[in-house]
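Let me begin by presenting the structure, written as structure tokens, before commenting on it.
The values are calculated or read from the model by the stated rules, or taken from the named source; none is laboratory data. Given the structure is predicted, the values throughout are model-derived calculations rather than measurements. Positions of Cβ are generated from backbone atoms using ideal geometry, with glycine treated the same way; all protein chains shown enter the neighbour counts.
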């Protein structure tokens with residue numbers, strides 16, 4: 001099997017998966033065993049809806065993202081919380097003297113075939129091969145729009161440690177990451193990155209890089225707690241009661257990264273609408289919100305700006321502090337000033 005598909009856990013790694021409370025009858029499960037019924041029988045209807053739609057699913061013009069240079073990230077900042085968004089869910093975070101990436105999908109195609117699901121723009125603000133040294137890379141699940149084979153190949157000699165849900169480590173090991181540099185986590189497990197707490201929390205989604213590999217690896221969200229800041233990274237999730245539980249257990253949060261795109265009624269169990277993401281944010285007890293999972297790929301039959309337009313409208317109505325960086329822009333959390341809605345003129 002070609003390397004891009006990854007690998008399946010064997011031996012001691014498979015034994016640990018079998019011990020997980022989330023692993024039932026050979027597959028990982030959501031709370032209440034909720035699962036999207038995405039069968040091939042539904043695909044003709046979805047394709048028909050997409051073809052009839054006259055919405056702008058991709059930008060007509062090239063998005064004006066900000067090109068960055070490696071030299072801009074050489075200095076480690078100990079005082080400010082800084083985050084740079086690379087489109088979709090890929091982030092570079094500088095937090096209390098540590099630098100780490102979350103779901104750094106920096107490739108051109110969010111699919112195993114390079115001609116499928118292409119990125120809106122031909123490059124990213126900073127290519128994986130040009131990234132600075134990283135203290136860690138953190139993953140939420142193994143879908144192609146979050147875990148990218150090419151990005152891992154370019155990053156692997158720059159990263160001290162890798163954190164991923166159960167089963168995802170098998171992909172990383174096949175791609176050349178040493179086992180001792182990988183920590184695989186189940187829900188509610190706590191690890192440390194220097195003085196930061198990394199807590200793997202639940203979400204409602206699914207996994208798999210092959211048709212036969214669905215739900216063989218776990219999916220998760222993350223709570224990252226430092227001495228000054230506490231953040232939450234949503235990953236991918238349908239709306240469910242877990243946000244309230246996480247908020248009560250670990251909130252409040254200074255900043256939440258919430259998915260707001262790639263939704264459709266056929267897979268509502270797995271992806272939230274912008275309005276649901278805003279509701280989840282309030283249940284998490286968040287202070288500021290950065291919307292992710294949009295702006296780079298077409299993975300659902302809505303316009304490419306619909307997620308951010310609806311999220312902006314909802315946050316205005318609800319009084320939520322929304323941060324909307326341009327792709328490639330670095331936000332200093334305590335110094336951010338709202339700017340123009342860049343996507344309107346992208």
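Quick notes
- Counted residues, the range 94-103 - those being under 19 Å from residue 294 (Cβ atoms) and either part of a loop (DSSP other than H, G, I, E, B) or over 13 Å from the mean Cα position of the chain (by Cα) (or both): 1
- Filtered residue count, the range 115-135, keeping only those that are part of a loop (DSSP other than H, G, I, E, B) and either within 22 Å of residue 97 (Cα to Cα) or touching a strand residue (DSSP E or B) at 6+ places or on another chain (Cβ under 8 Å) (or both): 9
- Residue tally, condition touching a strand residue (DSSP E or B) at 6+ places or on another chain (Cβ under 9 Å), part of a loop (DSSP other than H, G, I, E, B) and without any contact (Cβ under 8 Å) to a residue 40 or more places away in the chain, over the range 272-309: 2
Rundown of residues vs (1) crowded, with 21+ Cβ neighbours inside 10 Å; (2) under 20 Å from residue 205 (Cα atoms), yes/no style:
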{"residue": "90", "(1), (2)": "yes, yes"}
{"residue": "105", "(1), (2)": "yes, yes"}
{"residue": "121", "(1), (2)": "no, no"}
{"residue": "127", "(1), (2)": "no, no"}
{"residue": "131", "(1), (2)": "yes, no"}
{"residue": "140", "(1), (2)": "yes, yes"}
{"residue": "143", "(1), (2)": "yes, yes"}
{"residue": "146", "(1), (2)": "yes, yes"}
{"residue": "158", "(1), (2)": "no, no"}
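- Among the residues of the range 165-182, just one is in a strand (DSSP E or B) and either touching a helix residue (DSSP H, G or I) at 6+ places or on another chain (Cβ under 8 Å) or surrounded by fewer than 24 Cβ atoms within 10 Å (Cβ to Cβ) (or both), namely 182.
- Scanning the range 310-344 for residues that are part of a helix (DSSP H, G or I) and either touching a strand residue (DSSP E or B) at 6+ places or on another chain (Cβ under 7 Å) or surrounded by 16 or more Cβ atoms within 10 Å (Cβ to Cβ) (or both) returns 310, 311, 312, 314, 315, 333, 342, 343.
- Looking across 216, 160, one residue alone is farther than 24 Å from residue 23 by Cβ and either in contact (Cβ under 8 Å) with a residue 12 or more places away in the chain or out of contact with any strand residue (DSSP E or B) (no Cβ under 7 Å at 6 or more places or on another chain) (or both). It is 160.
- Selection status of residue 237, more than 15 Å from residue 87 (Cα to Cα), in contact with a strand residue (DSSP E or B) (Cβ under 6 Å, 6 or more places away or on another chain) and either surrounded by fewer than 22 Cβ atoms within 10 Å (Cβ to Cβ) or at pLDDT 95 or above (or both): no
- Within the set 219, 162, the sole residue that is closer than 29 Å to residue 15 by Cα and in a strand (DSSP E or B) turns out to be 162.
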